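Below: the structure, in structure tokens.
The values are calculated or read from the model by the stated rules, or taken from the named source; none is laboratory data. Just so it is clear, the model here is predicted, and its values are computed rather than measured. All Cβ positions, glycine included, derive from the backbone under ideal geometry; neighbour counts span all protein chains shown.
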Ligand SMILES: O=C(O)CCC(=O)C(=O)O
């Protein structure tokens, strides 16, 4: 891996054009093995604040779900030094500064275990949850396992970072552990992001992304995720405070509210266009404070 400005130039061009980019081999196999044993041990130790196993499958609490044993962990950096160090890692700062022209602020960590048979997450935009103003958020996604379509790799809609925030609709909770998603506009493609453990996937908070179920019989698809906000932002939703600079010091930002207008796809003069409306969909998990992204 080379993180020189020259090497990152192609990532920057793809990020500006498509809303995402993958940087290969950012973390070494030894670092990845340490993360896997660290988080598996943490999961074995029992429940942590904010654990989330998802909404009931098809609305039925009695349907067995592998996520009950492996719920997603959240905001580990608030109580786990290894997660904090990872969130503020110099390599992540270097890459994000190359993509954004400015060092970001760090606000969130999450660990998805996604064991065999687990559901994915319906297509969404992270900004729906973080509500960064002005501007948007950014995700840094580190796979701890090789990931492909069989074990539920990430899926993206290239170019969707140029869209406004879209109104959500109910998701199919037999496929998604969250209960809302956004419809993919006609003419835009959902594309799998195939990665090796240790590669990193960076994407704009407006970009539509998510993942499908892990249909493999024996492969986890674990991922360590950081959420960041672009360094010009003045506000973010309450759930994401405290906000940290990449040197670990705290920065005072305001609190933004959820709600407001969002876009829906409508047909006009034979074309599919976006019309801004109030979002009428209520998610079980997105009232203040939002809990998902
Ligand atoms: O890891 C996944 O399957 C989904 C993660 C995601 O969509 C997110 O971090 O916003």
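List of remarks:
- Extreme residue, farthest from residue 64 (Cα to Cα), among residues of segment 127-164 that are part of a helix (DSSP H, G or I) and more than 9 Å from the ligand (Cβ to nearest atom): 162
- The number of residues in segment 1-36 being touching a residue at least 60 places away in the same chain (Cβ under 8 Å), touching a strand residue (DSSP E or B) at 6+ places or on another chain (Cβ under 7 Å) and either farther than 13 Å from residue 199 by Cα or part of a helix (DSSP H, G or I) (or both) comes to 5.
- Each residue in segment 114-136 was checked for being under 26 Å from residue 34 (Cβ atoms), touching a helix residue (DSSP H, G or I) at 6+ places or on another chain (Cβ under 9 Å) and surrounded by 22 or more Cβ atoms within 10 Å (Cβ to Cβ), and 2 pass.
- Any hit, segment 206-218, residues being within 22 Å of residue 38 (Cβ to Cβ) and either more than 12 Å from the ligand (Cβ to nearest atom) or surrounded by 19 or more Cβ atoms within 10 Å (Cβ to Cβ) (or both): yes
- Scanning segment 241-293 for residues that are at pLDDT 95 or above, under 20 Å from the mean Cα position of the chain (by Cα) and not in a loop (DSSP other than H, G, I, E, B) returns 243, 244.
- Test: residue in segment 30-51 that is under 28 Å from residue 182 (Cβ atoms), surrounded by fewer than 18 Cβ atoms within 10 Å (Cβ to Cβ) and out of contact with any helix residue (DSSP H, G or I) (no Cβ under 7 Å at 6 or more places or on another chain): yes
- Only one entry in 63, 26 is touching a helix residue (DSSP H, G or I) at 6+ places or on another chain (Cβ under 6 Å) and at pLDDT below 95, namely 63.
- Segment 84-126, residues that are within 10 Å of the ligand (Cβ to nearest atom) and either assigned to a helix (DSSP H, G or I) or more than 24 Å from residue 26 (Cα to Cα) (or both): 118, 119, 120, 121, 122, 123, 124, 125
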